[in-house]
Amino acid sequence: MIGLPEHAPDAFLADKGYDADTIRADLAERKIKPVIPGRSNRRVKIEYDRALYKQRNRIERMFGQLKINRAIATRYDQLANSFLGMVHLATARYWLKFVHAA
């Protein structure tokens, strides 16, 4: 997805599994800021934007909430439009919890 010509991202948020010198070199070549914490076995500690990295957690939680719906997690829908409709229903259902509470 990084190589899509439509728009280049400003930063790449990933977990420690993506901490590799080749990935970091590729991101530097594309002028994308890597926001990847270094693995614990790295000799030289790598600095990263901790505030931006926390935003990654929000995205992970959103996908976790969407996967609660069985139809989304197992992808029963064969067509992309049907699947997208189910995602819209799931997000509306999740959003209604907050609207009703307010």
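Values quoted throughout were computed directly from the atomic coordinates according to the rules given, and no laboratory measurement underlies them. What you see is a predicted model; the values in this text were computed from it and never measured. Glycine also receives a Cβ, built like all others from the backbone with ideal geometry; neighbour counts cover every protein chain displayed.
Can you tally the lysine pairs in the chain where the Cα-Cα distance is under 25 Å and the two residues are eight or more apart, or on different chains?
Lysine pairs, 8 or more places apart or on different chains, close enough: 13.
Positive end of the charge dipole of the chain (Lys, Arg +1 and Asp, Glu -1 on Cβ, about the Cα centre): tell me which of Y76, P9, L96 has its Cα farthest that way.
In the chain, that residue is L96.
Work through the residues other than Q55 whose Cβ is under 14 Å from its Cβ and net out their charges, Lys, Arg +1 and Asp, Glu -1.
With Lys, Arg at +1 and Asp, Glu at -1, the net is +2.
What number, rounded to the nearest 500 deg cm²/dmol, is the helix-based mean residue ellipticity at 222 nm of the chain, given -39500 (n - 2.57) per DSSP H run of at least four residues and division by all its residues?
Counting only the DSSP helices, I get -16500 deg cm²/dmol.
Could you work out the relative contact order of the chain, using alpha carbon pairs under 8 angstrom and six or more residues apart, expressed as a whole percent?
With pairs under 8 Å counted, the relative contact order is 18 percent.
Note down the nm distance, to one decimal, between modelled labels 7 Å out along Cα→Cβ at S40 and at R93.
Taking the simple label geometry, S40 and R93 are separated by 3.8 nm.
Just one of (i) 2, 12, 23, 23, 16, 9, 6, 4, 2, 1, 0, 0, 0; (ii) 2, 10, 15, 15, 14, 14, 14, 10, 4, 1, 0; (iii) 2, 13, 25, 26, 19, 9, 4, 1, 0 is P(r) over Cα pairs in 5 Å bins from 0, in percent calculated from these coordinates, so which is it?
(ii)
Across 5 Å bins from the origin, how do the percents of Cα pairs in the stretch 1-54 run, short distances first?
4, 20, 30, 26, 13, 5, 2, 0
If we count other beta carbons within 10 Å of each Cβ, what is the order of V35, V87, V44, fewest first?
Taking fewest neighbouring Cβ atoms as first place, the list is V44, V87, V35.
For the chain, list the DSSP H helices whose alpha carbon atoms reach 18 Å or more along the long axis and whose average Kyte-Doolittle value is -0.5 or above?
Sorted by number, the helices that extend far enough and score high enough are 80-101.
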